[in-house]
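Read through the structure below, which is laid out as structure tokens, and then see the notes.
The values are calculated or read from the model by the stated rules, or taken from the named source; none is laboratory data. Quick caveat, the model's predicted, so the values are computed rather than measured. Cβ coordinates were reconstructed from backbone atoms using ideal geometry, including for glycine residues, and neighbour counts include every protein chain displayed. Side chains included, ligands, DNA and RNA excluded: accessible areas come from the protein's heavy atoms. Shrake-Rupley method; radii C 1.70, N 1.55, O 1.52, S 1.80 Å.
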Amino acid sequence: MYYSKSASAVGRKKVSTSPSDQPSSSSNNPTNSNNTTGSGNIQLDISRKTKENYSIQTIYDLPFILRETIKELNSDPSYNNVTLTGSITYEGLCYVVLLNDLFVWSIEKPQSCSRLNIPIDEINNQQTNQNHIVVGRSKLGQDKFTVFVCSPNGSFVRYWANSSKPNVTQDVTLETTVSNTKVNVYASDCQPYGIIVGNSNGSIHLVNIKQNILVAKKINKSQGMLSYLYLSRPSPVLFIASSQPSTSSQQQYSSVVNANNPSSLHTSTTRYTFVLTESSLLKYEISNNSEKIVIDYTIFKEVQKHFNNSMDLKFHQMYIDTMNDQNNEEIQILNMIFYETSASLNISKYYLIVVEIQDNQVLRVYKNDNFIAKKPITGGGIVSYEPRVSSISNNKHYLCWNDSVFYSSKSNGEIKFPERFISGSGVYNQEYHLISEEGIQKLDVAPFGVQRSSSLTSNQSTDNNTSNVHDQKPIMFEVPETDDMLSIKRNTVLKALNSISLKQQNKLNQYLDTCKNYQDLDSVIQQVSYFIIDQQPKSKFWADDAKLLGDLGGEISVQLKQQLEDKKKRHSFFIQFVEENGIKNLIEKSTLHLIEKNQVKISAAIELRNYQNQQEDKSKSSSGGASFSILPKLIQSLVSDRLPNWTNIGMNVYELFYSYVSGIDQILLCIFDKLDHQQQKQSNSVQILKEMIEGTDIFLRILTVYPIHLLDSPVLPNSENIHTLLSQVVYLLSTFIQIDLQTSATQILSQKDLGIPNVENALYDQLYRLTNIYLSSLKENEVEQFKNFKTRLIDPFVSSGRFNLATTLANKYDDYHSLINIYIADKEKRDIQNLKLVECLTKFQALGLLNNVFEYMLEKNLKAEILELPDTFNEPLYKFLSKYPDLAWIHSIRMKKWNNISNVLYNESLKEPDYLSKKEKYLSIAKISMIIDENSRLSEQQKDQQMEIINQNLNLIKSQKTFLPDIRNVLSITNIIEHILQRSNIESMDNYLICFNIIAESNLLLKEDESLDLYRHILGLAFSNEISIFCTTPNSDLQFDYGLKETNFYQLLLKLPSNDNIQEEFVVPLLEEFYKLKVKLIQDPSEKRQFQIGLTRILELYKEDNMN
């Protein structure tokens, strides 16, 4: 439409958003009359006896920034004729083109309106209109939109993936002929595959997103063999329209979906687009990576038949509707508007041609004879975007101009708006809507109401609410006058924020450029943050105007709450500004930290105010009058410390406290000081309890809104941080519960005026919540302290039998010590604890800490529990117990690892120092395990050798028990032999032979040199006892030989192992050694001579006997 400063047939003198006169109606029914139901809400009085043919009602406002822009243009004399065009989509999205700006919003949320700068054709003086624009909902959120805009000359398409970021766009060039003549361009939605663009030069393109890049593909139908001829150039496009997706498909759509990502598309998603050219009607079937023409129908021959082949008939617009046949099969309805002009009568007549299509076949083409609209020819004549046609269920049709609407249903009529403009229209929720100066208006014609299509989704509203919906005012900041340089810079930021609210992109860019050049930008941003959160209640833009607060109620508590909510909204808006406009990258982390903390402080103030309101409500509702509360006293004390003369300021104590949001966390210091002081006074225990419960509750209220990483921030400069303060409150409350509460439990718990069913449970619940927050803070801020103290912090809940609370904390903070402690302490619910023990082990196995849990279980003497664990832990337990052989062999029996049992117990037997019977048991089980083991990896030879080693050990034990029955501790082979040789009640030779036998039967237990040393030792004893025989001169040689052979020494020599080397390597050196040792002791020369002869003869006899 047009509006201008001067009155004209195509516009109006001045456009405003204020209410004006109701529409007049001219209709085929002469009894039509109008009635105004109120300013801004126009509706016919259908309760009257006279039948009324239509009703119209305003249901939503226009966006604030659109209204403000229109006001600015009205006040600017440089703008005379300005075109307004727009539309409403089936998704409920509205858009309006005003000069070079496009305004896009959701019909129900005018407060969330985007403003985009769009291209124009300066050469041909063509502006963008509704035929060039396709909008959709972004997958980034319901209040964010995707926008495709074709240039008026059809040369390129611009795309916004997120309309809330107007400077982030992509362009793609279209393959078309660009000329100095005007080109008609048409675009239609084809999501999730993009849009279809056609123009009067005959080009047809599919434009979509592939791998986040905007691309275009030409999809004109093939021109055949004569395609190279000029005469075969593509037929000009007259219009493009797409069928709406089915409801199931709509639910699959985001506004733009990556066409290269098939997983994001519904497998059956197919879109149909109709392209009307001068030669035929084309139906495109668009699916993933596929475009094909399924209908190519020569439509104009059929149309001409209904108008006696009139040459004056011209096509105007097309609208796609659907209906179901008797078999519930979908029929696509093409409502096509044709017109002819009469210069003599100065009018244009509009006709409706209906094309029914099913299964890609044209069923019929007919003229709707009930639809005949007439309109005087005005100004520039017919334009491509006016009038606009819409249909509902093929039984209600609307033709909309800028100042009137023609409708056709059971009757025809026209509604005139002589003092209003209509910039757009469309069908949403099966209802016809207009975009007018009144806002979004819903128009219905008799018969009123439409049976809702089954395709309506559950989230599409069918509410017939007729009340106005006021959009939220945009966030505006007061810019106070100042001479201070830092405050002047702060004001520049505030102006930038206001320019965002007014969608004034140019001004915003100017302010941003200025701000980004500030050398002290950190200080400026910090001051803006403090300025917002510490504004006084009387500030211009504070939420305290009479209207708003009147709606909320007159109570100061409600007003304070609303004022704090307003601060939160404003500060959030400021944070968004910092993050989205490049400021964040220019400031220090400390400044970002401060901004975040200030936002949290607002939330803390709101939470504190909510708590105070609840306390006041309880006080009013309680029969006993005012209830006890420490908060008012704490607030008054804090305000008095800050402002000793606060009573002269003109604000009450709560207004002063809650307006100074930056200091809200100081209440935490006051609470701790109060609780600590009261406990030290040892005053009335009931009063202490009340203050402990309420003080802790307030403390918790504030802490719940603080992110963990902000708890290490100091409350005041050079003061304790919240984390440290929290640890002190945890200790204070824990001490109070475990000591003070127990010593005065009878007195406290008997108090009925506390209003708490179980005081101890209430205190433990508070302790639990505090501990939970403190552990989270420790984990993030002091990792080593967290590891060292988490079990100690959870222990009060274990020792008090509050196992559920303890388990929750232990699981959250991965504390297996506490989980095992709970298992030990909870003796009544063993079945449950056994299950929880398994859950604990499973969890820490996944965390790679299973061995740590096993170690702690052993530390707590849970050996039986370890050995009784489910089979799922067999393998990790098998590896872990390798360090604990006394348990490993028992676990190996369960796993039937017989070879491991044998090895473990044999090794244990070697290490057993004390108990002979225990060593014998180990060896016996090791032997049995070897016998049972049928899957041993050892060869038969290796297995036999291992078995012989075990047997030799058992024989050694048997020898010790037989010959040394009084000795119960384990003796080595050497010790056994020493003890046997020392027995005086047994003949020496018997002792020698027993020892020789032990050595022989322990050949696998002794090294060869060890065996020889033992033989040498025994032979030395025998030789020493019989040395005189070797020195005595015999009567004859025969008698001498006989005497030598009868000695124990010689008999023992013969008992030595028989091998080839024993004589040369052992016996000869042994005799030489004995000779050298003993010959020194003999003084008589003849005896020395005889001693030498005797040893020589011993060797000769030994050699002779060995040879035999």
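Restricting attention to segment 616-650, the residues that are at pLDDT 75 or above, open to solvent by less than 60 Å² (accessible area, probe 1.4 Å) and not in a helix (DSSP H, G or I) add up to 2.
Given the criteria under 24 Å from Asp815 (Cβ atoms), open to solvent by less than 40 Å² (accessible area, probe 1.4 Å) and in a loop (DSSP other than H, G, I, E, B), does Leu877 qualify? It is false that Leu877 is under 24 Å from Asp815 (Cβ atoms), open to solvent by less than 40 Å² (accessible area, probe 1.4 Å) and in a loop (DSSP other than H, G, I, E, B). Restricting segment 894-932 to residues that are assigned to a helix (DSSP H, G or I) and of a type in the set (Lys, Arg), which is surrounded by the fewest Cβ atoms within 10 Å (Cβ to Cβ)? Among those that are assigned to a helix (DSSP H, G or I) and of a type in the set (Lys, Arg), it is Lys911. Within segment 985-1029, can you find the residues that are farther than 16 Å from Asn1048 by Cβ and open to solvent by 50 Å² or more (accessible area, probe 1.4 Å)? Asn985, Ala1000, Glu1001, Asn1003, Leu1004, Lys1007, Glu1008, Asp1009, Glu1010, Asp1013 - these are the residues of segment 985-1029 that are farther than 16 Å from Asn1048 by Cβ and open to solvent by 50 Å² or more (accessible area, probe 1.4 Å). Annotation: of all residues in segment 540-597 being within 15 Å of Val661 (Cα to Cα) and among the basic types (Lys, Arg), the one that is modelled with the lowest pLDDT is Lys561.
Within the set Asn935, Asn975, the sole residue that is polar (S, T, N, Q) and either surrounded by 13 or more Cβ atoms within 10 Å (Cβ to Cβ) or assigned to a helix (DSSP H, G or I) (or both) turns out to be Asn975. Report whether or not Tyr79 is outside any strand (DSSP E or B), open to solvent by 40 Å² or more (accessible area, probe 1.4 Å), touching a helix residue (DSSP H, G or I) at 6+ places or on another chain (Cβ under 9 Å) and closer than 15 Å to Gly424 by Cα. For Tyr79, the condition - outside any strand (DSSP E or B), open to solvent by 40 Å² or more (accessible area, probe 1.4 Å), touching a helix residue (DSSP H, G or I) at 6+ places or on another chain (Cβ under 9 Å) and closer than 15 Å to Gly424 by Cα - is not met. Quick check: is even one residue across segment 230-238 crowded, with 21+ Cβ neighbours inside 10 Å, at pLDDT 85 or above and within 29 Å of Gln317 (Cβ to Cβ)? Yes, that holds for at least one residue. Of the residues in segment 209-224, at least one is modelled with pLDDT under 90, part of a helix (DSSP H, G or I) and either surrounded by fewer than 16 Cβ atoms within 10 Å (Cβ to Cβ) or more than 46 Å from the chain's Cα centre (by Cα) (or both). Looking at this structure, is Glu329 within 24 Å of Tyr428 (Cα to Cα), out of contact with any Ser or Thr (no Cβ under 6 Å at 6 or more places or on another chain) and not aliphatic (A, V, I, L, M)? For Glu329, the condition - within 24 Å of Tyr428 (Cα to Cα), out of contact with any Ser or Thr (no Cβ under 6 Å at 6 or more places or on another chain) and not aliphatic (A, V, I, L, M) - is met.
So if I check each of Leu98, Leu102, Leu93, which one is surrounded by 18 or more Cβ atoms within 10 Å (Cβ to Cβ), of a type outside the set (Phe, Trp, Tyr) and over 39 Å from the mean Cα position of the chain (by Cα)? Of the residues listed, the single one that is surrounded by 18 or more Cβ atoms within 10 Å (Cβ to Cβ), of a type outside the set (Phe, Trp, Tyr) and over 39 Å from the mean Cα position of the chain (by Cα) is Leu98. Of everything in segment 403-426 that is closer than 19 Å to Leu62 by Cβ and not small (Gly, Ala, Ser), the residue that is modelled with the highest pLDDT is Val405. Against the conditions (1) at pLDDT 85 or above; (2) over 59 Å from the mean Cα position of the chain (by Cα), Asn346 satisfies every one except (1).
Just one of the listed residues (Gln472, Gln505, Gln510, Gln519) is open to solvent by less than 70 Å² (accessible area, probe 1.4 Å), under 38 Å from the mean Cα position of the chain (by Cα) and either modelled with pLDDT of 50 or more or polar (S, T, N, Q) (or both), and it is Gln505. Among all positions in segment 1067-1075, there is at least one residue which is part of a helix (DSSP H, G or I), open to solvent by 40 Å² or more (accessible area, probe 1.4 Å) and touching a helix residue (DSSP H, G or I) at 6+ places or on another chain (Cβ under 6 Å).
So, Leu1052, is that one in a loop (DSSP other than H, G, I, E, B), within 18 Å of Asp1105 (Cβ to Cβ) and modelled with pLDDT of 85 or more or not? So Leu1052 fails the test. Set side by side, the residues Val661, Val653 differ, and just one is under 21 Å from Gln559 (Cβ atoms) and modelled with pLDDT of 85 or more, which is Val661.
Can you find a residue in segment 939-950 that is open to solvent by less than 40 Å² (accessible area, probe 1.4 Å), closer than 30 Å to Leu849 by Cα and free of Cβ contacts under 8 Å to residues at least 24 places away in the same chain? Among the residues of segment 939-950, not one is open to solvent by less than 40 Å² (accessible area, probe 1.4 Å), closer than 30 Å to Leu849 by Cα and free of Cβ contacts under 8 Å to residues at least 24 places away in the same chain, which makes the answer no.
Residues in segment 118-133 that are surrounded by fewer than 19 Cβ atoms within 10 Å (Cβ to Cβ) and either at pLDDT 90 or above or among the hydrophobic types (A, V, I, L, M, F, W, C) (or both): Ile120, Ile123.
Identification of strands (runs of 3 or more DSSP E) wholly contained in segment 89-164 with 3 or more residues that are touching a Cys at 6+ places or on another chain (Cβ under 9 Å) yields 101-106, 133-138, 156-160. Of all the residues in segment 324-354, those that are open to solvent by less than 20 Å² (accessible area, probe 1.4 Å) and farther than 17 Å from Ser408 by Cβ number 2. Just one of the listed residues (Ser1011, Ser1058) is hydroxyl-bearing (Ser, Thr, Tyr), touching a helix residue (DSSP H, G or I) at 6+ places or on another chain (Cβ under 9 Å) and not in a helix (DSSP H, G or I), namely Ser1058. Return the residue satisfying two criteria in turn: it lies in segment 341-373 and is in a strand (DSSP E or B) and of a type in the set (Ser, Thr, Tyr), and of such residues it is nearest to Thr298 (Cα to Cα). For segment 341-373, the residue satisfying everything is Tyr366.
Here is the figure for segment 292-337: residues that are part of a strand (DSSP E or B) and either touching a Cys at 6+ places or on another chain (Cβ under 6 Å) or in contact (Cβ under 8 Å) with a residue 12 or more places away in the chain (or both) total 23.
Of the candidates Leu116, Leu62, the single residue that is within 45 Å of the chain's Cα centre (by Cα) and free of Cβ contacts under 8 Å to residues at least 60 places away in the same chain is Leu116. Any residue in segment 114-122 that is of a type in the set (Asp, Glu), within 22 Å of Asp189 (Cβ to Cβ) and in contact with a Ser or Thr (Cβ under 9 Å, 6 or more places away or on another chain)? Looking through segment 114-122, none of the residues is of a type in the set (Asp, Glu), within 22 Å of Asp189 (Cβ to Cβ) and in contact with a Ser or Thr (Cβ under 9 Å, 6 or more places away or on another chain).
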